[in-house]
Amino acid sequence: MDVIKTERTVTKKGSFDVIVVGGGIAGVSAAVSAARAGVTALLIEKSINLGGLATGGLISWYEPLCDGKGQKMMCGMAEELIRLSCRYGFDNLPTAWDGDGRNKQRNERYSTFYSPGIFSAALDSFVTDSGAQLRFDTLATYPVMNGAHCEGVVVESADGCEFFEGKLVIDATGDASVMHRAGVPTVDGKNYMTYISHWFTHDDAKKLAEDGDICAFRRWLNAGSDMLGNGHPEGMKQVSGTTADEITEYVITGKKRMLERVAELDKNSFDIMMIPTMPQFRTVRRIVGNTEFCAVDGQEFSDSIGACGDFRPSGIGKHYQVPFGALWNNSFPNLLAAGRIISAPAGDGWEVSRVIPVCALTGEAAGKAAALCVKASKTLDKLNAADIEAIRVN
Ligand SMILES: Cc1cc2nc3c(=O)[nH]c(=O)nc-3n(C[C@H](O)[C@H](O)[C@H](O)COP(=O)(O)OP(=O)(O)OC[C@H]3O[C@@H](n4cnc5c(N)ncnc54)[C@H](O)[C@@H]3O)c2cc1C
């Protein structure tokens, strides 16, 4: 391959205690918890909306905060955000979990449907009210490394190429691109074809007029497979989503399959109200941290940041502690991972840790840890047992 060399002047745009890259659920949680802890925080998002997969990826189902046997497992940011997800829009929170029971979609757990557009809009002031600064339409391209120490990130935006200096940098990109480019060891995921849009038909409209259940109106139109691979196109290989070519082919295939699915319908009998604004890969890349989160029921960690349950029917009643060691690699003591990129091997660990409430948990803990390091002039490797206690979420 030919190589060209270019030279560009990069302006230093600002200096922050904590820089968070990626405004999905994990990044929002990290930026807000850092700012609330009293340090300066910048949240950099490449699109113009917050929420990542949970909003632009049209997910719209907040997995449970309970263990499925009536015990609440999560509080903190995970609970604040489930409440925010439906503050201005519909929900189907059960009355047992403080819902008003107006919508009839069946649900027993501490989980809910929400409108992705409304949730995303609500996230803006959730971030800015915390004092964190928000930068939209800004792509973080490369971390600037001084050996194993990250000095900040270079970004590309309408203003050109700029540098933001940071004492602690949190990667919440969903694909670990910051940490990968910094040299942190990472592992690629494998994804079945998924292309989910939101649609409604004449029949849905009639049903809504009859029963008024707005929550049941918007439906998923899945032109790909489910999470177990049922419906994956024959002959198509599973992809990680770590190259532009893979991403391009994946989304073109998804849109084509969506149009094929509706081509046989009366075109005046339905509308597709939203298509995803980001590829719906479940697992792109994750870091190899100090500890792997493997989702072992009852396993205890001395550096636990909190606990979560298991959203899967097979996980009813299971309780998992999440170790802080899954959020960083000790060769890189001022870089933290949050969200679906934490150190968790394929299988139970990655499945459990990638869902919305657990991304909120790891984001919140990362933000608290970063703020604590800044205030105590420490790096991550110098945190002691009392510090871990202070960043624990639940
Ligand atoms: C098909 C599918 C179904 C799912 N179903 C559910 C479900 O029903 N319930 C549930 O709870 N979870 C579900 N999940 C999982 C969950 O939605 C996601 O794993 C979770 O929301 C990920 O959050 P995150 O913040 O870690 O990452 P993301 O949501 O990926 O957010 C990353 C953000 O970073 C931004 N970004 C990336 N790179 C850069 C960069 N270089 N510079 C600036 N910004 C950048 C992106 O634009 C994005 O906003 C599902 C996932 C998929 C794919």
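The values are calculated or read from the model by the stated rules, or taken from the named source; none is laboratory data. Note that the coordinates shown come from a computational prediction; the quantities given were computed from them, not determined experimentally. As a convention, Cβ positions derive from the backbone with ideal geometry for all residues, glycine included, and neighbour counts pool all protein chains shown.
Screening region 259-297 for residues that are without any contact (Cβ under 8 Å) to a residue 60 or more places away in the chain and in contact with a Lys or Arg (Cβ under 8 Å, 6 or more places away or on another chain) and picking the one that is nearest to Pro333 (Cα to Cα) gives Ala295. When the residues of region 173-230 are filtered to those that are in contact with a Ser or Thr (Cβ under 6 Å, 6 or more places away or on another chain) and among the small types (Gly, Ala, Ser), the one that is farthest from Gln280 (Cα to Cα) is Ala176. Which residues, taken from region 180-200, are part of a loop (DSSP other than H, G, I, E, B), among the β-branched types (Val, Ile, Thr) and within 19 Å of the chain's Cα centre (by Cα)? Selection gives Thr194 alone.
Here is a yes/no grid of residues against (1) over 14 Å from Gly363 (Cβ atoms); (2) among the small types (Gly, Ala, Ser); (3) assigned to a strand (DSSP E or B):
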| residue | (1), (2), (3) |
| --- | --- |
| Ile4 | yes, no, no |
| Lys12 | yes, no, yes |
| Ser33 | no, yes, no |
| Val39 | yes, no, no |
| Lys46 | yes, no, no |
| Asn49 | yes, no, no |
| Ile59 | yes, no, no |
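When each of Asp17, Asp67 is tested for being surrounded by 22 or more Cβ atoms within 10 Å (Cβ to Cβ), in contact (Cβ under 8 Å) with a residue 60 or more places away in the chain and more than 15 Å from the ligand (Cβ to nearest atom), the lone residue that passes is Asp67.
On the basis of being over 23 Å from Thr55 (Cα atoms) and at pLDDT 95 or above, does Asn230 make the cut?
So Asn230 fails the test.
Just one of (1) within 15 Å of the ligand (Cβ to nearest atom); (2) under 17 Å from the mean Cα position of the chain (by Cα) fails for Tyr110. It is (2).
Tally the residues that are closer than 15 Å to Leu336 by Cβ and either outside the structural domain of Pro345 (by TED's automatic domain parsing) or not small (Gly, Ala, Ser) (or both), restricting the search to region 152-180. Can you show your working first?
Step one: filter region 152-180 for residues closer than 15 Å to Leu336 by Cβ, giving 152-153, 166-174, 176-180.
From what is left, the residues that are either outside the structural domain of Pro345 (by TED's automatic domain parsing) or not small (Gly, Ala, Ser) (or both) are 153, 167-171, 173, 178-180.
Looking only at that region, the number is 10.
Kindly indicate whether Asp2 is more than 10 Å from the ligand (Cβ to nearest atom) and outside the structural domain of Gln321 (by TED's automatic domain parsing).
Working: more than 10 Å from the ligand (Cβ to nearest atom): yes; outside the structural domain of Gln321 (by TED's automatic domain parsing): yes.
The answer is yes for Asp2.
Within region 296-307, does at least one residue satisfy the condition of being aliphatic (A, V, I, L, M), in the same structural domain as Ala176 (by TED's automatic domain parsing), farther than 30 Å from Gln71 by Cα and more than 16 Å from the ligand (Cβ to nearest atom)?
Quick first cut of region 296-307, residues aliphatic (A, V, I, L, M) only: 296, 305, 307.
Remaining after also requiring in the same structural domain as Ala176 (by TED's automatic domain parsing): 296, 305, 307.
Checking the rest, the ones that are also farther than 30 Å from Gln71 by Cα come to none.
Checked against the condition, which is being aliphatic (A, V, I, L, M), in the same structural domain as Ala176 (by TED's automatic domain parsing), farther than 30 Å from Gln71 by Cα and more than 16 Å from the ligand (Cβ to nearest atom), region 296-307 yields no hits at all.
Pairs are defined by a Cβ separation below 6 Å, a sequence spacing of at least 6 or placement on different chains, a first member in region 120-144 that is at pLDDT 95 or above and basic (Lys, Arg), and a second member that is surrounded by 15 or more Cβ atoms within 10 Å (Cβ to Cβ) and not in a helix (DSSP H, G or I); the pairs so defined are Arg135/Ile44. Every listed requirement among (1) of a type outside the set (Phe, Trp, Tyr); (2) over 14 Å from the mean Cα position of the chain (by Cα); (3) on the phi < 0 side of the Ramachandran plot is met by Gly101 save one, (3). Residues in region 345-394 that are within 20 Å of the chain's Cα centre (by Cα), part of a helix (DSSP H, G or I) and basic (Lys, Arg): Lys368 only. Being within 16 Å of the ligand (Cβ to nearest atom) and surrounded by fewer than 24 Cβ atoms within 10 Å (Cβ to Cβ) is a description that applies to Arg312.
Quick one: in region 30-51, which of the residues that are among the small types (Gly, Ala, Ser) and within 8 Å of the ligand (Cβ to nearest atom) is nearest to the chain's Cα centre (by Cα)? Steps first, please.
Of the residues in region 30-51, the ones among the small types (Gly, Ala, Ser) are 30-31, 33-35, 37-38, 41, 47, 51.
Those still in the list that are within 8 Å of the ligand (Cβ to nearest atom) too: 47, 51.
Details: Ser47: 14, Gly51: 7 Å.
Of everything passing the filter in region 30-51, Gly51 is nearest to the chain's Cα centre (by Cα).
Considering region 116-134, and only residues there that are within 14 Å of the ligand (Cβ to nearest atom) and over 17 Å from Gly367 (Cα atoms), the residue that is farthest from the chain's Cα centre (by Cα) turns out to be Asp124. Taken over region 155-195, residues that are near the ligand (Cβ under 10 Å from one of its atoms), β-branched (Val, Ile, Thr) and crowded, with 23+ Cβ neighbours inside 10 Å amount to 3. Here's a check for you: in region 336-354, which residue that is more than 10 Å from the ligand (Cβ to nearest atom) and aliphatic (A, V, I, L, M) is surrounded by the most Cβ atoms within 10 Å (Cβ to Cβ)? The qualifying residue surrounded by the most Cβ atoms within 10 Å (Cβ to Cβ) is Leu336.
Collect the residues in region 336-364 that are among the hydrophobic types (A, V, I, L, M, F, W, C) and under 22 Å from Leu50 (Cβ atoms), keeping them in residue-number order. Give the steps one after another, and end with the answer.
Step one: filter region 336-364 for residues among the hydrophobic types (A, V, I, L, M, F, W, C), giving 336-338, 341-342, 344, 346, 350, 352, 355-356, 358-361.
Result: Leu336, Ala337, Ala338, Ile341, Ile342, Val355, Ile356, Val358, Cys359, Ala360, Leu361.
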